[in-house]
Amino acid sequence: MERQEQQEQLEYQESEQTPEPKRKRRWRRPGKIGSILLIILAVLLAVTLIANRDRLTIGHLSRAIQYSRLGGPSLAEEFRFASLGSNTFDLLGDGLAVASGGGLRVYDRAANLVYAEAFTMDRPMIQTSGNYVLTYDLGGTEIQTGNRREALAQPDWDRPIDRLIDARINQNGWFVASAEQIGTRGAATVFRPDGTPYFRVPSGTGYLIAAELAADNQTLVLLSVTDAGGRAFWYEVGTAGDPLREYLGEGELFFDFWFTAANGAIGLISSNTVQFISPDGALQSEYRFPDRHLRAYDVSEGNTVLYLAPSPTGPGGELVILEPNGRVQYIEITGNLLDVSLNGRYTAALFFDELLIFRGTSRYARFSQTEGMQHVLMRQDGTVFRLSSHRAWLLVP
């Protein structure tokens, strides 16, 4: 018995001193699995961040919160109006302004009609700046201005006009009407927000194309065409006499211009080139496209997007995004592009069968429901209006 007890005691001591292999393996295995899972999760997170880097923005987060009631990419609101073939549209704040042969209508962001102003226009045109809107009858005499809440003014002409060539409003509600008048090749009249005339400049030897007042309400730029080419003139509003400076694009027939900065710098466009001109009248940068066809363009915050194609009809081509400093970005286009809209860092491209949104040159979102759509308006928060002649949908990526 004594030997048996000693033997058992010896076996007990050996068992206490000898580690158990299975127990080691049993406790070590969860640690290995956890480490492997952490590595896998880290890799997946990195891949997800890289794949969605364009969506990890303050704008995307803001939309996710603001439109969370939609439950995902969807239609935020639907706008309906009379089916008039003459309807033209522009963004007004976070709502929509619509000009037609019957007048001007302004809608808020929830598609509610804020106000309507009735008048007759044969060729309605619309332009907005900040919280102000202007609509005019191209070739006629009708002009109406307004803001997000109410209609404001019609111009009180100090002399009769034959027909309107162009009209534009700035972010302060001051507006400029370019019109043919007896004894001139066109004259630009600056109006206060209440519609009273303030300053008038004739086009001189050239034919007036357009005129616009800068945000300082002091710098007026006129664009005209002469035998030598397109000319831009800078005037100080309220000061009679010759222009402060001018720029000549030899051989170029510029048909539009826009301010690229508050200091009076402008962009000019013809069928061959886009030129950016500094406020002292010097060429700052230029992008030429003589061998391609300009099919559409849009401007936002001084930047410009061009749709250039190898032929005047048919699919294909590229979107070219230009900055006044000379930087150029390209987006290849393979489908039939109907319309393009630029706003901030976002570009919307409407095709027959899809609507694509780009952030910079990266594709950001895609919508497939485009049947019957003719136009698109990109908003700065990344949402976009798709438009037909009588309906508009606000789409949220």
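So which residues in the stretch 268-310 are of a type in the set (Asp, Glu) and under 22 Å from the mean Cα position of the chain (by Cα)?
286, 298, 301
Using beta carbons and a limit of 8 Å, which pairs, at least six apart or on different chains, have the first residue in the stretch 127-148 and crowded, with 24+ Cβ neighbours inside 10 Å and the second one basic (Lys, Arg)?
Note: pairs meeting the criteria are 134/168.
Can you name the residue in the stretch 281-291 that is among the charged types (D, E, K, R) and either part of a strand (DSSP E or B) or modelled with pLDDT of 95 or more (or both) and is also surrounded by the fewest Cβ atoms within 10 Å (Cβ to Cβ) among such residues?
Result: 288.
Among the candidates 102, 146, 130, single out the residue that is under 30 Å from residue 386 (Cα atoms), under 28 Å from the mean Cα position of the chain (by Cα) and at pLDDT 95 or above.
146
From (1) touching a residue at least 40 places away in the same chain (Cβ under 8 Å); (2) part of a strand (DSSP E or B); (3) farther than 30 Å from residue 80 by Cβ, pick out the condition that doesn't hold for residue 155.
Of everything listed in (1) touching a residue at least 40 places away in the same chain (Cβ under 8 Å); (2) part of a strand (DSSP E or B); (3) farther than 30 Å from residue 80 by Cβ, residue 155 misses just condition (2).
Checking the condition part of a helix (DSSP H, G or I), closer than 29 Å to residue 397 by Cβ and modelled with pLDDT under 85, which residue from 40, 36, 65 passes?
Working: 40 fails: closer than 29 Å to residue 397 by Cβ; 36 fails: closer than 29 Å to residue 397 by Cβ.
Of the residues listed, the single one that is part of a helix (DSSP H, G or I), closer than 29 Å to residue 397 by Cβ and modelled with pLDDT under 85 is 65.
Please go through the stretch 183-193 and pick out each residue that is over 15 Å from residue 233 (Cβ atoms) and either part of a loop (DSSP other than H, G, I, E, B) or more than 31 Å from the chain's Cα centre (by Cα) (or both).
183, 192, 193
Look through the stretch 171-205, keep the residues that are farther than 18 Å from residue 135 by Cα and among the charged types (D, E, K, R), and return whichever of them is modelled with the lowest pLDDT.
185
Which of the residues that make up the stretch 292-315 are in a loop (DSSP other than H, G, I, E, B) and either aromatic (Phe, Trp, Tyr) or touching a residue at least 12 places away in the same chain (Cβ under 8 Å) (or both)?
Hits for the stretch 292-315 are 292, 301, 302, 310, 311, 312, 314, 315.
Just give me the residues in the stretch 310-357 being among the hydroxyl-bearing types (Ser, Thr, Tyr) and either at pLDDT 95 or above or under 20 Å from residue 368 (Cβ atoms) (or both), in sequence order.
330, 334, 341, 346, 347
Give the stretch 191-242 a look and list any residue that's surrounded by fewer than 20 Cβ atoms within 10 Å (Cβ to Cβ) and acidic (Asp, Glu), or say none.
194, 216, 227, 236, 242
Of all residues in the stretch 261-270, which are assigned to a loop (DSSP other than H, G, I, E, B) and at pLDDT 95 or above?
If the condition is that a residue be assigned to a loop (DSSP other than H, G, I, E, B) and at pLDDT 95 or above, then 265, 270 are the ones that fit.
Determine whether residue 124 is touching a residue at least 12 places away in the same chain (Cβ under 8 Å), more than 24 Å from the chain's Cα centre (by Cα) and buried (at least 18 other Cβ atoms within 10 Å of the Cβ).
Answer is no for this residue.
Here is a yes/no grid of residues against (1) within 19 Å of the chain's Cα centre (by Cα); (2) of a type in the set (Val, Ile, Thr):
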{"site": "312", "(1), (2)": "no, no"}
{"site": "323", "(1), (2)": "yes, no"}
{"site": "327", "(1), (2)": "yes, no"}
{"site": "340", "(1), (2)": "yes, yes"}
{"site": "343", "(1), (2)": "yes, no"}
{"site": "360", "(1), (2)": "yes, no"}
{"site": "363", "(1), (2)": "yes, no"}
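Working only within the stretch 316-367, note down all residues that are in contact (Cβ under 8 Å) with a residue 60 or more places away in the chain, outside any loop (DSSP other than H, G, I, E, B) and surrounded by fewer than 16 Cβ atoms within 10 Å (Cβ to Cβ).
Selection gives 362 alone.
Go through the stretch 194-230 residue by residue and tally those that are part of a loop (DSSP other than H, G, I, E, B) and touching a Lys or Arg at 6+ places or on another chain (Cβ under 8 Å).
4
Which one is modelled with the highest pLDDT, of the residues in the stretch 149-167 that are buried (at least 22 other Cβ atoms within 10 Å of the Cβ) and within 26 Å of the chain's Cα centre (by Cα)?
Among them, the one singled out is 167.
The values are calculated or read from the model by the stated rules, or taken from the named source; none is laboratory data. Since the model is a prediction, treat every value here as computed from it, not as a measurement. Ideal geometry is used to build each Cβ from the backbone, glycine not excepted, and the neighbour counts take in all protein chains shown.
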